Amino acid sequence: MPGERIRLAKALLDLARSTLKSVWSDMATGDYRWVILKSWRAAKEALLSLSYSGAAEVHVDDLSGLYAMLYPSCPPIQWSDIALLDYAKTLVEDLGLYMIFYSAEPGPRRRDGIQSLEASVRIVESVVQCIKEPSTGSGPAAGISFPLDALRRKVSTFSGERVTVVRSGRRLYIITAEMPEDIVGRIELAKKIETPPGFQVLPLTAEEAYSYVNLPWIVLEDVEVMRDDLGLGQFFELRSTSQGGSFF
């Protein structure tokens with residue numbers, strides 16, 4: 001491995017650790033939005049470190065995409081931790097979801113911050129271990145293949161509670177009548193569908209999904225209704241072809 005890549009991998013891993021350390025000041029002041037964003041950032045820095053320590057450099061913005069490329073070279077990384085951090089980050093960065101999910105509170109709750117921080121710590125620790133003891137499996141993949149046929153089969157054969165699953169690009173909206181209140185519980189519910197790596201999951205209640213898609217500035221693209229036990233399919237397909245309104 002070229003010395004330059006080794007130095008870059010080490011620098012990124014040191015940066016991930018430093019980012020995690022800085023989270024504690026935000027926990028102390030109760031700024032859980034920054035806890036979530038920094039936890040996500042630390043996990044991404046660690047995954048990028050893993051990519052530079054391997055055979056290939058990867059260029060993907062979200063953790064789910066990085067995980068799809070890197071998980072063969074670091075099996076200890078858990079999908080649920082990756083999915084939780086992407087989900088939590090989306091909830092605090094997407095204005096529509098932020099207003100809907102935190103409508104009864106001023107912002108992210110303490111447990112949201114703690115759950116995100118714990119997931120990030122587990123990812124960083126897994127990466128450290130994998131860099132120290134490289135897996136005998138394959139290294140980083142050259143590109144991401146999103147197996148939509150496999151995803152359709154998984155969704156169609158899912159035998160859990162009533163659920164609507166809508167794909168918009170690489171986002172999967174997992175919609176049920178009721179959802180756990182905490183983000184970990186929601187990811188655990190989505191985990192039952194066993195989605196292939198690379199897709200971001202957004203577990204929502206039917207009421208949350210309806211509210212979100214009705215926001216005037218939201219336009220879904222490349223939409224496919226993959227399962228519809230709640231009767232929301234036609235609504236989502238129609239919404240995907242409509243034009244977004246002005247925020248003002």
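The values are calculated or read from the model by the stated rules, or taken from the named source; none is laboratory data. Computed from a predicted structure; not experimentally measured. Note that each Cβ is placed from the backbone with ideal geometry, even for glycine, and that neighbours are counted across all protein chains shown. Heavy atoms of the whole protein, side chains included, go into the accessibility calculation; ligands, DNA and RNA do not. Shrake-Rupley method; radii C 1.70, N 1.55, O 1.52, S 1.80 Å.
Straightening the chain between residue 132 and residue 11 buys 42.1 nm, computed as 0.36 nm per residue apart minus the Cα-Cα spacing. Here the peptides 178-191, 93-106, 221-234 are ranked by packing, the mean other Cβ count within 10 Å, and the order with the highest first is 178-191, 221-234, 93-106. Take every Cα-Cα pair in the stretch 22-100 and report what % of them are more than 18 Å apart. I get 46 percent for the Cα pairs in the stretch 22-100 exceeding 18 Å.
For the chain, the relative contact order works out to 20 percent when only alpha carbon pairs closer than 8 Å and six or more residues apart are counted.
Distance distribution note for the stretch 2-134: the fraction of Cα pairs above 21 angstrom is 39%.
Once the chain from residue 238 to residue 118 is taken as fully extended at 0.36 nm per residue, the excess over their C-alpha distance is 39.3 nm.
How much of the calculated P(r) for the stretch 72-123 lies past 13 Å, in percent of all Cα pairs? Result for the distance tail: 60 percent.
Counting DSSP beta bridges with both partners in the chain, what percentage is antiparallel, nearest 5? Antiparallel bridges make up about 60 percent of those DSSP assigns within the chain.
Per the Debye calculation on the stretch 186-231 with a single equal scatterer at every Cα and no solvent contribution, log₁₀ I(q)/I(0) for q = 0.18, 0.19, 0.23, 0.25 Å⁻¹ amounts to -0.72, -0.80, -1.14, -1.27. Take every Cα-Cα distance within the stretch 163-240, group them into 10 Å bins from 0 onward, and report for each bin the whole-number percent of pairs it holds. Taking every Cα pair in the stretch 163-240, the percentages come to 19, 57, 24, 0.
Value of Rg to Rh for the chain, rounded to two decimals, is 0.98; Kirkwood radius and Rg both from alpha-carbon coordinates. In the context of the full protein assembly, residue 111 retains an accessible surface of approximately 100 Å², using a probe radius of 1.4 Å and ignoring ligands and nucleic acids.
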